[in-house]
């Protein structure tokens with residue numbers, strides 16, 4: 001069933017593009033990946049919107065959670081008032097889940113599309129739509145070489161003076177995954193010790209390494225898919241959110257920094273749709289909130305260093321006030 | 001560079017190198033392949049080669065004795081010479097074993113394991129010929145020392161066949177090469193419409209070769225000129241079998257063909273349930289045995305194409321039968337891919353199951 005719905009159509013599409021682009025499997029794979037990502041734009045847009053909305057709501061959520069720590073029911077009501085609904089937020093994960101079968105389907109079709117072994121060739125024969133390929137005999141064998149790489153094997157560049165091969169594509173997979181994450185995920189507004197911030201940090205470290213591990217172990221065609229998909233996502237997110245991007249020093253696994261646009265969530269006034277409504281409601285609570293008004297702007301627009309300085313100033317002012325009263 | 005950054009970079013580098021060195025190969029996969037000599041069946045499958053007593057289906061020996069990480073991916077048909085069994089793996093290793101399964105010599109085509117590629121062997125002129133990747137190695141049969149090698153433009157999946165004068169090497173780049181067996185020098189080449197994945201059949205100065213272009217070709221062995229071609233419904237992956245003045249072969253559409261060897265003119269066809277990847281085995285009693293991808297074994301009358309009998313190996317597991325059936329005594333031996341058992345022995349006349357072999361029991 002999975003083969004019929006996902007793997008076979010992908011395999012045939014991949015090979016059809018391969019014949020259109022002069023028997024260049026890498027180019028065919030890149031074009032198919034771009035095509036698949038374009039078809040998935042409605043889903044990814046929904047995911048990105050949900051992600052952006054979540055980021056915009058984070059300061060408010062934190063504020064409400066801190067304030068109503070001992071009143072869970074009240075907390076829920078207040079969270080609902082700002083438009084935060086965990087169930088609907090989970091809906092934002094759905095597009096990610098949908099991408100997994102696509103990823104598996106792509107991998108299967110890459111392996112079938114470049115049959116390196118007899119069994120893979122047999123599977124290709126069973127997958128192919130004969131009507132799409134009147135000149136099937138000339139399609140076989142599929143040319144899967146790209147520079148030093150055999151796309152049906154994990155990428156390794158072997159040099160005479162090294163006992164091991166150098167994994168070039170897996171490095172690019174890690175790099176583009178990090179850049180994609182950095183662009184789409186602004187630093188959390190928490191103090192660095194809260195659960196969300198910790199989770200985000202570990203995700204941002206683990207995900208690129210995990211994809212890098214996949215790239216090391218599986219056919220390098222999969223790495224081409226990962227890299228292309230990451231670049232398409234970066235471009236798509238960059239174009240759609242160009243007004244909210246800021247060029248910043250971006251750390252790559254703590255090894256070095258590069259200048260890269262990262263996402264800065266919109267202010268209340270600039271946000272739209274449910275997120276805008278979400279900003280209105282807590283305004284009523286703002287007078288009763290412990291944090292002064294400046295913090296609200298600081299978390300949304302100012303840089304991290306600026307925020308820290310302001311918070312320190314606020315704390316100092318508060319301590320001084322408390323000292324005066326005593 | 002700060003110390004912490006240095007350590008982080010070093011840790012990542014070491015981790016990446018370890019993972020690169022330990023893994024990083026998509027293992028070659030194929031189906032089991034068999035050869036028979038006397039009372040022993042040799043079958044190469046996955047991480048081992050088994051010698052099996054044909055009388056009762058019991059194991060004589062297994063190579064390697066214990067599974068290891070180096071000698072793996074044995075799928076190529078074992079090559080039998082007077083006193084050696086030559087087996088090759090998909091990671092460019094070849095081993096010559098004696099009748100007890102002890103190593104006499106071994107050959108490593110690529111000391112640094114960079115890839116995995118289908119391999120196959122054959123033997124003639126005092127050499128064992130090993131194809132792996134795009135290279136044909138001629139190995140001295142006595143000691144496994146490489147005498148020469150020939151590099152094609154694309155993958156080689158089928159081993160060369162030979163006559164007294166030449167070697168005939170099929171290639172996935174659609175070309176049939178004729179080589180000098182002593183030096184590996186190319187004598188002639190003939191290009192066809194499709195990839196050639198199996199060993200050419202050689203008889204009386206004519207080569208018969210199946211192709212992934214829906215054709216079987218007959219070629220003059222001395223010059224490479226085309227004698228005739230017979231069109232089929234689908235890919236012909238296996239080697240045609242010659243018996244008398246007829247040629248028998250199956251294609252991936254599930255059709256079995258009998259044609260005149262001299263002209264390629266069709267005599268009969270039989271349509272079966274699913275793809276016939278393996279070769280046909282023809283008995284002296286006039287029966288053609290084939291196995292189909294979806295798990296059926298057929299006995300067909302060689303004269304008329306009428307069905308003698310058919311059995312389904314195991315309807316429960318849906319085993320794939322992609323290997324060449326092998327005849328020994330009054331048995332037809334069938335190897336199954338990922339089946340409940342590895343080998344099934346059926347009576348040639350009745351189709352009754354005689355024994356089955358499972359390496360794990």
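Each of residue B:303 and residue B:226 was given a label point 7 Å from its Cα along the Cα-to-Cβ line. The distance between the two points is 3.5 nm.
Please arrange B:60, B:277 by counting, for each residue, the other beta carbons lying within 10 Å of its beta carbon, fewest first. Don't skip to the end; give the middle numbers.
On the way: B:60 16, B:277 28.
Final ranking by Cβ density, sparse to dense: B:60, B:277.
Between the beta carbons of residue B:253 and residue A:145, assuming R0 = 22 Å, the FRET efficiency works out to 0.10 to the nearest 0.05. Dividing the Cα radius of gyration of chain B by its Kirkwood radius returns 1.01 for Rg/Rh.
Taking 1 over the mean of 1/r across every pair of different Cα atoms in the range B:56-149, what Kirkwood radius in Å do you get?
Numbers: mean 1/r = 0.0743 Å⁻¹.
That comes to 13.5 Å for the range B:56-149.
Expressed as a rounded percentage, what relative contact order does the range B:159-249 have, with Cα pairs under 8 Å and six or more residues apart?
Values: 226 pairs, mean separation 18.2, N = 91.
Worked out over the range B:159-249, it gives 20 percent.
The modelled label-to-label distance for the pair residue B:269/residue B:68, using points 7 Å beyond Cα in the direction of Cβ, is 5.0 nm.
Could you compute the FRET efficiency for residue A:46 and residue A:252, with r as their C-beta to C-beta distance and R0 at 35 Å, rounded to 0.05? For residue A:46 and residue A:252, the calculated efficiency is 0.75.
Hey, got the average number of other protein chain Cβ atoms within 10 angstrom for residues in A:213-223?
Values: counts 4, 0, 0, 7, 7, 3, 1, 2, 0, 0, 0.
Counting Cβ atoms of other protein chains within 10 Å of each residue's Cβ and averaging gives 2.
Label zone of residue B:193 (point 7 Å out along Cα→Cβ, amide N under 20 Å): in the range A:1-32 this covers A:19.
How big is D for the range B:222-342, in µm² s⁻¹ as a whole number, if Stokes-Einstein is applied with the Kirkwood radius of its Cα pairs at 37 °C and 0.692 mPa s? Present the calculation step by step, with values, prior to reporting the outcome.
Numbers: Rh = 14.6 Å.
Approximately 224 µm²/s, per Stokes-Einstein.
Relative contact order of the range B:272-361: 21 percent, from C-alpha pairs under 8 Å at least 6 residues apart in sequence.
When only Cα pairs below 8 angstrom with a gap of at least 6 residues are kept, chain B shows a relative contact order of 8 percent.
Using a Förster radius of 30 Å, what is the FRET efficiency between residue B:353 and residue B:284 based on their Cβ-Cβ separation? Nearest 0.05, please. For residue B:353 and residue B:284, the calculated efficiency is 0.85. If one computes P(r) from the Cα atoms of the range B:86-216, what percent of pairs lie at distances over 18 Å? Distances greater than 18 Å cover 51 percent of the Cα pairs.
Only helices enter this figure: runs of n ≥ 4 DSSP H residues, each worth -39500 (n - 2.57), summed and divided by the residues of chain B, yield -2000 deg cm²/dmol at 222 nm to the nearest 500.
Neighbour counting of Cβ atoms within 10 Å sorts the residues A:41, A:227, fewest neighbours leading, into A:41, A:227. For the range A:48-167, the mean projected area of the C-alpha convex hull, equal to one quarter of the hull surface, is 14.7 nm².
Ranked for footprinting exposure by Cβ neighbours inside 10 Å, fewest first, B:229, A:182 give B:229, A:182.
Figure the gain on full extension for residue B:106 and residue B:146 (residue separation times 0.36 nm, minus the Cα-Cα span) and round it to one decimal in nm.
Values: separation 40, 0.36 × 40 = 14.40 nm, distance 1.09 nm.
13.3 nm is the gain from fully extending residue B:106 to residue B:146.
Taking the Cα atoms of the range B:272-361, the ratio Rg/Rh between the radius of gyration and the Kirkwood radius comes to 0.94.
Values quoted throughout were computed directly from the atomic coordinates according to the rules given, and no laboratory measurement underlies them. Here the structure is a predicted model, which is why all the values come from computation and not from measurement. Virtual Cβ from ideal backbone geometry, glycine too; neighbours counted across all protein chains shown.
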